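K.L.:
This is the structure I have questions about; it appears just below.
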Amino acid sequence: MRKKIVAGNWKMHGSLQQNAVLLEQLLNGMAGLDCELVVCPPYPYLPQVAGLLAGSQAKFGAQNLSEHHSGAYTGEVSASMLVDLGCRYVLVGHSERRALYGESDSVVAAKFEAAHKAGLVPVLCLGETLAEREAGATDSVVLAQLQAVIDRVGVAALSSAVLAYEPVWAIGTGLTASPEQAQQVHAVLRSRVAELDSVVAAGLPILYGGSVKPQNAAELFAQPDIDGGLIGGASLVAGDFLAICRAVV
Ligand code: PGA
């Protein structure tokens, strides 16, 4: 059976005080979950999160990393620094990074490689814009995003990675892909990986992200190729995030 993961992407939200309250509520409510619970706070809060989650089953990760190992890259954070702080996961190629910070498929592939080489689990985010979906280009867009990474690191690197399908039009908008729409794209992604390595494909967790809420999580997670979620807004509310985690089957 594939690993099930529900990861919270806090984006640029939180404070020392808010994080402490949220994490305490999560820790109090997470007994008996059938998935791995992951939180991805902003960089400065990683040590706080590491401290508060120590000894629990929960994992944490970062929202981004540099493709470079070290050097004159003011403001950047390397994979080895994230490892130092105890991160297990790192988001790579979130659509906000691609759209707002100009991360191309090749930069995303380089970041994936940096994460992989450092022993982090990259969560590779893939997704189409509304215009691309309306033009019938959804499959070709997500497959090209995936291919850029496979070309750089090889399919075997996906055996210690996670994919997250996040249609750009569904992120933070309240619009969610229907379970059928999401399943279709997840199946396309898994089949492409299976053409190269069926064992890697069978074990690869593919998360869905984009306005996942307690109300829609169960029907999304019931789809055969949806292995959990990447949750933005709802991950900031402990009750909602835990309800989403409990919807994992
Ligand atoms: P959302 O964000 O759940 O607020 O739509 C998801 C994400 O950006 O990862």
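K.L.:
At a Förster radius of 25 Å, what calculated FRET efficiency corresponds to the Cβ-Cβ distance of LEU100 and ALA144, to the nearest 0.05? Don't skip to the answer; put the middle values down first.
P.N.:
On the way: r = 20 Å, r/R0 = 0.80.
Once rounded, the FRET efficiency stands at 0.80.
K.L.:
Neighbour counts of other C-beta atoms within 10 Å: give me MET12, MET1 arranged from fewest to most. Spell out each step's value before the answer.
P.N.:
Working: MET12 8, MET1 5.
Ordered from fewest to most neighbouring Cβ atoms within 10 Å, MET12, MET1 come out as MET1, MET12.
K.L.:
Pop the C-beta distance of ARG152 and THR74 into the FRET formula with R0 = 25 Å and round what comes out to the nearest 0.05.
P.N.:
Working: r = 25 Å, r/R0 = 1.01.
Between ARG152 and THR74 the formula returns 0.50.
K.L.:
Name the residues whose placed amide hydrogens come within less than 5 Å of the amide hydrogen of VAL90, ignoring near sequence neighbours (fewer than 5 apart) on the same chain.
P.N.:
Under 5 Å from the amide H of VAL90 lie the amide H atoms of ALA62, VAL121, VAL123, each far enough along the sequence or on another chain.
K.L.:
Hey, another quick one. Amide H neighbours of GLU36 under 5 Å, at least 5 residues apart or on other chains, H built in the peptide plane: list them.
P.N.:
HN-HN under 5 Å from GLU36: LYS4, ILE5, VAL6.
K.L.:
List the chymotrypsin sites (Phe, Trp or Tyr not before Pro) in the range 13-104 that DSSP assigns to loop (not H, G, I, E or B) and whose Cβ has at most 12 other Cβ atoms within 10 Å. Which are they? Could you put the intermediate results ahead of the total?
P.N.:
On the way: sites: TYR45, PHE60, TYR73, TYR89, TYR101; in loops: TYR73, TYR101.
Answer in residue order: TYR73, TYR101.
K.L.:
Taking neighbour counts of Cβ atoms within 10 Å as a proxy for exposure, in what order, fewest first, do LEU26, LEU236, LEU175 appear?
P.N.:
Going from least to most buried by this count: LEU175, LEU236, LEU26.
K.L.:
Sticking with this one: Rounded if a/c is under 1.5, else prolate if a/b is larger than b/c, else oblate: which is the range 1-156, with a ≥ b ≥ c the root eigenvalues of its Cα gyration tensor? Please list the in-between numbers first.
P.N.:
Working: a/c = 1.75, a/b = 1.42, b/c = 1.23.
In terms of gyration-tensor shape, prolate.
K.L.:
Follow-up question, since we're still on this one. With +1 on the Cβ of every Lys and Arg and -1 on the Cβ of every Asp and Glu, and nothing else charged, how large is the dipole of the range 2-152 about its Cα centre, in debye rounded to the nearest 20?
P.N.:
Numbers: 12 positive and 15 negative charges, 76 e Å.
Computed about the Cα centre, the dipole is about 360 debye.
K.L.:
Using the Karplus curve 6.51 cos²θ - 1.76 cosθ + 1.60 with θ = phi - 60°, what ³J(HN,Hα) values do you get for each residue of the range 105-118, in whole Hz, with x for Gly and Pro?
P.N.:
4, 6, 5, 4, 5, 5, 5, 4, 4, 4, 5, 4, 5, 7
K.L.:
By the gyration tensor of its Cα atoms, with a ≥ b ≥ c the square roots of the eigenvalues, what is the shape of the range 1-43: rounded for a/c under 1.5, prolate for a/b over b/c, or oblate? Intermediate results must be reported in sequence, preceding the final value.
P.N.:
On the way: a/c = 4.49, a/b = 1.53, b/c = 2.92.
Oblate, because a/c is 1.5 or more while a/b does not exceed b/c.
K.L.:
A further question follows. Report the extension gain between GLN57 and ASP84 in nm, rounded to one decimal, defined as 0.36 nm multiplied by the number of residues separating them, less their alpha carbon distance. List each step's numbers first, then the result.
P.N.:
Numbers: separation 27, 0.36 × 27 = 9.72 nm, distance 1.89 nm.
The GLN57-ASP84 span can extend by a further 7.8 nm.
K.L.:
If you take the charge dipole of the range 44-168 about its Cα centre, with +1 on Lys and Arg Cβ and -1 on Asp and Glu Cβ, which of VAL108, LEU130, VAL77 is farthest toward its positive end?
P.N.:
So the residue we want is VAL77.
None of the figures in this text is laboratory data; all of them are computed from the coordinates on show. Source: prediction; values computed, not measured. Please note: Cβ atoms are built from the backbone with ideal geometry, for glycine as well, and neighbour counts cover all protein chains shown.
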